[in-house]
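Colleague: For reference, the structure I am asking about is given below.
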Amino acid sequence: MGGVEDDEPASKRMKLSSEELRRLSNGSTIKEPVAGSSRDLMARPLQSEGGEEVVGSKGVIKKVEFVRIIAKALYSLGYIKSGAHLEEESGIPLHSSVVNVFMRQILEGNWDDSVVTLRNIGLTDERTVKSASFLILEQKFFELLDEEKVMDALNTLRTEIAPLGVNDSRVRELSSYIVSPSYCSPTRSPKQDTVRARSRSKLLEELQKLLPATVMIPEGRLEHLVEQALVLQRDACMFHNSLDKEMSLYSDHQCGRDQIPSQALQILQAHTGEVWFLQFSHNGKYLASSSNDQSAIIWEVYETGVSLKHKLSGHQKPLSSVSWSPDDRQLLTCGAEEVVRRWDVSSGECLHVYEKTGLGMVSCGWSPDGKWIFSGLNDKSICMWELDGKELECWKGQRTLKISDLEITGDGKQIISICRETAILLLDREAKVERFIEEDQPITSFSLSRDSRFLLINLLNQEIHLWNIEGDPKLVSKYRGHKRTRFIIRSCFGGLEQAFIASGSEDSLVYIWHRGTGELIETLPGHSGAVNCVSWNPANPHMLASASDDRTIRIWGLNNLSTKRKEPCSNGIHYCNGGY
């Protein structure tokens, strides 16, 4: 194929042997006997309103385009004879004779002829013609340098490339190769011609991206259309929530409700007071909970269940929240207007206590690199600390409230907190720029998405609002149905690609919505008190945890889950319905 050796990928071998190239230059395709036509077995094409033949029941697929794309796919897959048979039998060529000549000229390195042929293809946009000519002549330039024909390369640059008036910065860059001694290797590669030919194939791919699809069908077009159809089916699937769910081309994709965690598999009963907060670690191997019993618990998550690892004592007030370090080796616990403690997850040892004389902590969080911690204080300021307790910076003023969550975006630049009853502050600590999300109702809590692009806000009026916080904040969606009248109720993102929203509720239920549509798809009964907080395991889309005033934590999984118990456990753990 114009100098390409047999190890060239099949997708680049588009019937371009020397004999085939000769036929292409004559405007013909490969002709071989077709054994056993299946024409009569195929659906008869319909006639569209515009006179073109169409295929498919909807009458929207043009037959010519359909056949050309199939032929392109066959050649790309290496089925050269099959592609040629399709062209012959259908009478629909993959490319026009002019385009075939153009491709041959590129692969054979006939640069001047290819630039002339380019103008005969029928392109109407002069900018496209010039951009394509630039790519061709750039290749010519590099091959002349490769052959150590420096003056010829310089002449090409001056008289052919520069006059195009395209990409002046690239022209200057090319000129630097003329004087750069590092460009030319002192020894020539024994496979130099192969490398050059492969480079020409790459050039064809670049030209293919630049030229209109009607002239040269983009590589992988059929695969792209099929993938697009599968993705659209997946996105439209209300219950899609499994990495292992096989998507087939043989039938339309649809998951069942059984993909949503809806069965209580375990009840964790180690807390002696209301459980206010819980959060899975980033790796999904641990769960931390905090309670008004002034303790926090680190639970270990196994495939077969959840077991108590450490009960953390030392706070003198109820615990309002916890926060995992980025590497999940340490945990912060925050007492309600008290102190923040940092714990070693492996040993359960308290490593440091963060406090400020005369003030109480109300929230806590980590920097993404794990080097600093942040805390909100009851004087409405936010402070940043080194791990050893040294205060690095403090943002005073109306930065937070006595009851507020605290989040730091994944890039470490923005601090997010409730700064007023109806407003959330997005503080860019590097640029020292403040942005705000303004709501009409009082805000009770919020949660940041894993990619730091979205914020989930719980409101006093029993609504949950989803905001896009990239650039100017925009309200994206609203979720309704849960109950909230007196307490702080928290919600979370979760499931595969965080495609779902879960929330606690004062009616003792857990609510789950589809994030994209806002449709309520599941309510989970079981708790006997208000459900204060929920957390979805980031490593297991089939595991959800809920914390309640009934002093329990429920671990929810799939209805059809059947695994063996690891071993009999005590530590206040109850297994439901023989789930393990």
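The values are calculated or read from the model by the stated rules, or taken from the named source; none is laboratory data. From a predicted model like this one, the values you see are computed outputs, not experimental measurements. Here the Cβ positions follow ideal geometry from the backbone for every residue, glycine too, while neighbour counts run over all protein chains shown. Calculation scope for accessible area: heavy atoms of the full protein, side chains included, ligands and nucleic acids excluded. Shrake-Rupley method; radii C 1.70, N 1.55, O 1.52, S 1.80 Å.
Colleague: When only residues in region 421-433 that are free of Cβ contacts under 8 Å to residues at least 24 places away in the same chain and within 16 Å of TRP467 (Cβ to Cβ) count, which is nearest to the chain's Cα centre (by Cα)? First the steps, then the outcome.
Modeller: Initial filter on region 421-433 (free of Cβ contacts under 8 Å to residues at least 24 places away in the same chain): 421-423, 428, 430-433.
Narrowing further to those that are within 16 Å of TRP467 (Cβ to Cβ): 422-423.
Numbers: THR422: 31, ALA423: 29 Å.
The selected residue is ALA423.
Colleague: Okay, next question. Answer with yes or no whether VAL345 is touching a Cys at 6+ places or on another chain (Cβ under 8 Å) and open to solvent by less than 20 Å² (accessible area, probe 1.4 Å). Spell out the reasoning first.
Modeller: Values: touching a Cys at 6+ places or on another chain (Cβ under 8 Å): no; open to solvent by less than 20 Å² (accessible area, probe 1.4 Å): yes.
For VAL345, the condition - touching a Cys at 6+ places or on another chain (Cβ under 8 Å) and open to solvent by less than 20 Å² (accessible area, probe 1.4 Å) - is not met.
Colleague: Which numbered condition in (1) closer than 30 Å to VAL362 by Cα; (2) buried (at least 17 other Cβ atoms within 10 Å of the Cβ) is the only one that GLY273 fails?
Modeller: Going through the list (1) closer than 30 Å to VAL362 by Cα; (2) buried (at least 17 other Cβ atoms within 10 Å of the Cβ), GLY273 breaks only (2).
Colleague: Please tell me if GLY494 is open to solvent by less than 10 Å² (accessible area, probe 1.4 Å), small (Gly, Ala, Ser) and in the same structural domain as GLU434 (by the TED database). Step through it out loud before you land on a result.
Modeller: Values: open to solvent by less than 10 Å² (accessible area, probe 1.4 Å): yes; small (Gly, Ala, Ser): yes; in the same structural domain as GLU434 (by the TED database): yes.
So GLY494 passes the test.
Here is a yes/no grid of residues against (1) charged (D, E, K, R); (2) farther than 26 Å from HIS514 by Cα; (3) not assigned by the TED database to the domain that holds GLY516:
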{"site": "LEU203", "(1), (2), (3)": "no, yes, yes"}
{"site": "HIS224", "(1), (2), (3)": "no, yes, yes"}
{"site": "ARG234", "(1), (2), (3)": "yes, no, yes"}
{"site": "SER251", "(1), (2), (3)": "no, no, yes"}
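Colleague: Answer yes or no: is there a residue in region 369-376 that is assigned to a strand (DSSP E or B), open to solvent by less than 20 Å² (accessible area, probe 1.4 Å), hydrophobic (A, V, I, L, M, F, W, C) and assigned by the TED database to the domain that holds ARG429. Can you show your working first?
Modeller: The first filter runs over region 369-376 and keeps only residues assigned to a strand (DSSP E or B), leaving 372-376.
Adding the requirement that they be open to solvent by less than 20 Å² (accessible area, probe 1.4 Å) leaves 373-376.
Of the ones still in play, those that are also hydrophobic (A, V, I, L, M, F, W, C) are 373-374.
Cutting the leftovers down to assigned by the TED database to the domain that holds ARG429 gives us 373-374.
Looking through region 369-376, at least one residue is assigned to a strand (DSSP E or B), open to solvent by less than 20 Å² (accessible area, probe 1.4 Å), hydrophobic (A, V, I, L, M, F, W, C) and assigned by the TED database to the domain that holds ARG429.
Colleague: In addition: For region 93-127, enumerate the residues that are among the hydrophobic types (A, V, I, L, M, F, W, C), buried (at least 17 other Cβ atoms within 10 Å of the Cβ) and in a loop (DSSP other than H, G, I, E, B). Don't jump to the end; show me each part of the working.
Modeller: In the first step, residues of region 93-127 are kept if they are among the hydrophobic types (A, V, I, L, M, F, W, C); the result is 94, 98-99, 101-103, 106-107, 111, 115-116, 118, 121, 123.
So of that shortlist, the ones also buried (at least 17 other Cβ atoms within 10 Å of the Cβ) come out as 94, 99, 101-103, 106-107, 111, 115, 118, 121.
LEU94, ILE121 - these are the residues of region 93-127 that are among the hydrophobic types (A, V, I, L, M, F, W, C), buried (at least 17 other Cβ atoms within 10 Å of the Cβ) and in a loop (DSSP other than H, G, I, E, B).
Here's the yes/no breakdown for (1) open to solvent by less than 20 Å² (accessible area, probe 1.4 Å); (2) assigned to a loop (DSSP other than H, G, I, E, B); (3) aromatic (Phe, Trp, Tyr):
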| position | (1), (2), (3) |
| --- | --- |
| SER404 | yes, yes, no |
| ASP411 | no, yes, no |
| ILE415 | yes, no, no |
| LEU427 | yes, no, no |
| GLU430 | no, yes, no |
| ILE437 | yes, no, no |
| LEU456 | yes, no, no |
| ILE464 | yes, no, no |
| GLU470 | no, yes, no |
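Colleague: Would you tally the residues in region 472-490 being open to solvent by less than 30 Å² (accessible area, probe 1.4 Å) and closer than 18 Å to ILE437 by Cα?
Modeller: Residues meeting the conditions: 2.
Colleague: For SER363, state whether it is surrounded by 15 or more Cβ atoms within 10 Å (Cβ to Cβ) and over 21 Å from TRP467 (Cα atoms). Working first, answer last.
Modeller: Working: surrounded by 15 or more Cβ atoms within 10 Å (Cβ to Cβ): yes; over 21 Å from TRP467 (Cα atoms): yes.
Yes, satisfied.
Colleague: Taking ASP327 as the residue in question, decide whether it is in a loop (DSSP other than H, G, I, E, B), surrounded by fewer than 24 Cβ atoms within 10 Å (Cβ to Cβ) and at pLDDT below 95. Show your work before the answer.
Modeller: Working: in a loop (DSSP other than H, G, I, E, B): yes; surrounded by fewer than 24 Cβ atoms within 10 Å (Cβ to Cβ): yes; at pLDDT below 95: no.
It is false that ASP327 is in a loop (DSSP other than H, G, I, E, B), surrounded by fewer than 24 Cβ atoms within 10 Å (Cβ to Cβ) and at pLDDT below 95.
Colleague: If you scan region 236-257, which residues turn out to be surrounded by 15 or more Cβ atoms within 10 Å (Cβ to Cβ) and either among the aromatic types (Phe, Trp, Tyr) or assigned to a helix (DSSP H, G or I) (or both)?
Modeller: PHE239
Colleague: Applying the selection to region 524-538, what residues are of a type outside the set (Gly, Ala, Ser) and touching a residue at least 24 places away in the same chain (Cβ under 8 Å)?
Modeller: Taking region 524-538 as the starting set, the residues that turn out to be of a type outside the set (Gly, Ala, Ser) are 524-525, 527, 531-534, 536-538.
Once the filter is applied, which keeps residues that are of a type outside the set (Gly, Ala, Ser) and touching a residue at least 24 places away in the same chain (Cβ under 8 Å), region 524-538 yields LEU524, HIS527, VAL531, ASN532, CYS533, VAL534, TRP536, ASN537, PRO538.
Colleague: For region 348-360, name all the residues that are open to solvent by 10 Å² or more (accessible area, probe 1.4 Å) and in contact (Cβ under 8 Å) with a residue 12 or more places away in the chain. Don't jump to the end; show me each part of the working.
Modeller: Filtering region 348-360 for residues open to solvent by 10 Å² or more (accessible area, probe 1.4 Å) gives 348-353, 355-359.
Scanning region 348-360 gives GLY348, CYS350, LEU351, HIS352, VAL353, GLU355, LYS356, LEU359.
Colleague: What pairs can you find where one residue is in region 480-497 and closer than 18 Å to MET238 by Cα, the other is of a type in the set (Val, Ile, Thr) and open to solvent by 10 Å² or more (accessible area, probe 1.4 Å), and their Cβ atoms are less than 6 Å apart, with a gap of 6+ or different chains?
Modeller: Note: no pairs meet the criteria.
Colleague: Collect the residues in region 438-453 that are modelled with pLDDT under 95 and in contact with a Cys (Cβ under 8 Å, 6 or more places away or on another chain), keeping them in residue-number order.
Modeller: Residues satisfying the conditions do not exist here.
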